[in-house]
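The values are calculated or read from the model by the stated rules, or taken from the named source; none is laboratory data. Keep in mind that this is a model prediction, so the values were computed, not measured. Here Cβ is always computed from backbone atoms with ideal geometry, including for glycine, and neighbour counts include all displayed protein chains. For the accessible areas, the whole protein counts, side chains as well, though only heavy atoms, and no ligand, DNA or RNA atoms are used. Shrake-Rupley method; radii C 1.70, N 1.55, O 1.52, S 1.80 Å.
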Amino acid sequence: ALQELAHLVNKQNLYIQYINLNAEHLEEHLINAKLDKLAVFLDLNCNKSDELLHLANMQQLYNDHYHWLIYDRYLNATQLRERFADASLQLNTELTYVKPNLNQSSFMLYDLYNKAKHLGAKLNITIDQQIECNDQQCQVKRYLSELHKTTRLQQRKLLTGLTLKLSAVINALPMDAPEHDIKEFLGSIDNIHLDTYGRFGYQTRQELMTMLDCNFSYIFRDRWTSSELTGGLIADLLNGTVDVAGSAFLYTSGRAKYFKPLTWYCSFRSVCMFRNPHSAGAELRATEFLQPFSWTVWFMFAAVLLLSGCLLWLTFRLERKKLSSSGDMKASLLTSCLISFGAACIQGAWLLPRSTGGRMVFYALMLTCFLMYNYYTSVVVSTLLGTPPKSNIKSIQQLADSNLEVSVEPTPYTKIYVETSDMPDVRSLYLNKIVNSKRDPKRMWLPTEKGVILVRNVPGFVYIAEAATAYVFVRKHYLPHEICELNEILLREETSAQTLVLKTSSFAELFKLNELRLLETGVHFKHYRYWVRTKLHCYQSNVVAAVGMDSAGPLFLLLFCAYMGCLLVLGLELLWHRRKQAH
């Protein structure tokens, strides 16, 4: 039989290689050879077939990387079941048992698998088809079941009667709380800031449980991970304690060795938020009144006014000599310049030229000042009443080097990242603002609601939190225009969390197809949009803005200085007048 098989395989131009199944790192050798699947033919009548089956069982070779074709001439159905009852067959096992009929011209094919032997599932043997063979080819004589109509995975998509193991995160309740209370909390939909990702994961896993027609037994942890591969949910997955985790993880290079991602689960965004210090303080600013024009334009405009004043003075002198002898047309150079400055301020003039040329000069001056004044006032008004300027702090390193006070949300995933990250800027932030800070330790780790309120009330106070939890309280406590004043710096680049399973998991493909189905039908996104808030809306245009003393203060200061200057000049004039009278 083996000789005939080898002859048939060679005739079909298939590649054959005899390998040692007891070799170390067999799976790695196959991957390096870029073999997606390896076919294994075994004749149970061989002397060492039992030894080979035991070896395959110990090496966990009954998976989707191998297609087993097992041939036997003597076993009946009862003996076959007894022989493979304790084998480590899996949900994704591809094992076809071939038994010849009495005439040796046709064969019966059986499909063997076990949905989850480690969970107490029983061996499943399903008759598939009858085939007839000759020296040239084999063909199907008849189908004895409906296995040929669908793929193996579709035939095994339901895990009816099985109880899978799942680990979930809980922080809002003590770990020793009754399981019924923990499940009731995880299944609730109020107070979405409490255990946001844990409850989101628990409720989406309930949808998965319904699709698989199975049950879950739960292990509750107080964290996702302690490091990249240790502690919390990730450790349960890595050591095989559970079949699936109740939450997603970031897919990192360290985890890629042991886990494989199935589907996108959610976005993960940690931010450093603070109110713009300029928007809520009492700092005086005069730059808004100088910004509409550059210094060159200001000097050019002053030169135009001075030139216009000189031209008006010459015009008044000419009209006084040529057109009239009355004294009402007397105007000094200082008076002419004052009229020019009054035109720039759109204050008009009490003295006008009578000649056509002089009035044309005055018209040109008024038109120029009108255009300059309208542009200037529109820019100043839009600046003072528009969106407040954002902070110059744009990076984590700038924040670490600043004098701003920083506090952190004490949720496990944020706290662990801040404390253990090897990114230079995050490490610098942790050392400068947390480790070497002389502030009260209780103020460094603040609850989410308290931290968000402090950001609103204390300009320049920085709070580091996960956006999904912090935005809930921002919407609750902030006015629309206060949202517009928020500055945000990403603690880390926004990343996508993935559903991870072990590379050796037999449920990987089944979980993937069901989660893709949840994504396609919108069920997953319904939960995601409710639990994970990733965007704030700014409605600055709906707020009546008021100019405060920080912006209007320079004007009053300028007016006060002008009055002081006028009083000084008046005093000097009085002294000069008295001295002149004395002589």
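Overview of values
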{"item": "Sole residue being at pLDDT 80 or above, open to solvent by 50 Å² or more (accessible area, probe 1.4 Å) and in a loop (DSSP other than H, G, I, E, B), chosen from Lys394, Lys390", "result": "Lys394"}
{"item": "Subset of segment 229-252 (residues that are more than 27 Å from Phe525 (Cα to Cα) and within 19 Å of the chain's Cα centre (by Cα))", "result": "none"}
{"item": "Any hit, segment 307-326, residues being at pLDDT 75 or above, within 25 Å of Pro554 (Cα to Cα) and either part of a helix (DSSP H, G or I) or under 53 Å from the mean Cα position of the chain (by Cα) (or both)", "result": "no"}
{"item": "Residue check for Ala470: under 21 Å from Asn191 (Cβ atoms) and in contact with a Gly (Cβ under 7 Å, 6 or more places away or on another chain)", "result": "no"}
{"item": "Close pairs (6 angstrom Cβ cut-off, 6 or more residues apart or separate chains): assigned by the TED database to the domain that holds Ala302 and within 16 Å of Arg317 (Cα to Cα) in segment 343-362, among the basic types (Lys, Arg) and open to solvent by 40 Å² or more (accessible area, probe 1.4 Å) anywhere", "result": "Pro353/Arg359"}
{"item": "Contacts under 6 angstrom Cβ, first residue in segment 159-170 being without any contact (Cβ under 8 Å) to a residue 60 or more places away in the chain, partner among the small types (Gly, Ala, Ser) and part of a strand (DSSP E or B), 6 or more apart", "result": "Leu162/Ala116; Thr163/Ser217"}
{"item": "Count of segment 441-468 residues which are crowded, with 17+ Cβ neighbours inside 10 Å and acidic (Asp, Glu)", "result": "1"}
{"item": "Residue identified as assigned to a strand (DSSP E or B), touching a helix residue (DSSP H, G or I) at 6+ places or on another chain (Cβ under 7 Å) and surrounded by 12 or more Cβ atoms within 10 Å (Cβ to Cβ) among Thr126, Thr96", "result": "Thr126"}
{"item": "Positions within segment 489-500 being at pLDDT 90 or above and open to solvent by 20 Å² or more (accessible area, probe 1.4 Å), in sequence order", "result": "Leu490, Gln498"}
{"item": "Hits in segment 243-252 - residues which are out of contact with any Phe, Trp or Tyr (no Cβ under 8 Å at 6 or more places or on another chain) and surrounded by fewer than 23 Cβ atoms within 10 Å (Cβ to Cβ)", "result": "Thr252"}
{"item": "Residue that is nearest to Leu518 (Cα to Cα), among those in segment 196-224 that are open to solvent by 20 Å² or more (accessible area, probe 1.4 Å) and in a loop (DSSP other than H, G, I, E, B)", "result": "Asp213"}
{"item": "Residue satisfying condition, being more than 22 Å from the chain's Cα centre (by Cα), surrounded by 14 or more Cβ atoms within 10 Å (Cβ to Cβ) and over 28 Å from Ala172 (Cα atoms), within set Leu431, Leu404, Leu399", "result": "Leu404"}
{"item": "Filter result (in a helix (DSSP H, G or I) and either of a type in the set (Ser, Thr, Tyr) or open to solvent by 70 Å² or more (accessible area, probe 1.4 Å) (or both)) within segment 144-180", "result": "His148, Lys149, Arg152, Gln154, Gln155, Glu179, His180"}
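For every residue, the table says whether it meets (1) touching a strand residue (DSSP E or B) at 6+ places or on another chain (Cβ under 8 Å); (2) open to solvent by less than 10 Å² (accessible area, probe 1.4 Å); (3) under 20 Å from Gly451 (Cα atoms); (4) at pLDDT below 90.
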{"residue": "Ala470", "(1), (2), (3), (4)": "yes, yes, yes, no"}
{"residue": "Leu502", "(1), (2), (3), (4)": "yes, no, no, no"}
{"residue": "Leu510", "(1), (2), (3), (4)": "no, yes, no, no"}
{"residue": "Ala552", "(1), (2), (3), (4)": "no, no, no, yes"}
{"residue": "Phe560", "(1), (2), (3), (4)": "no, no, no, yes"}
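For every residue, the table says whether it meets (1) more than 21 Å from Asp64 (Cβ to Cβ); (2) in contact with a Phe, Trp or Tyr (Cβ under 9 Å, 6 or more places away or on another chain).
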position	(1), (2)
Thr150	no, no
Gln154	no, no
Leu158	no, no
Leu162	no, no
Ile170	yes, yes
Pro174	yes, no
Ala177	yes, yes
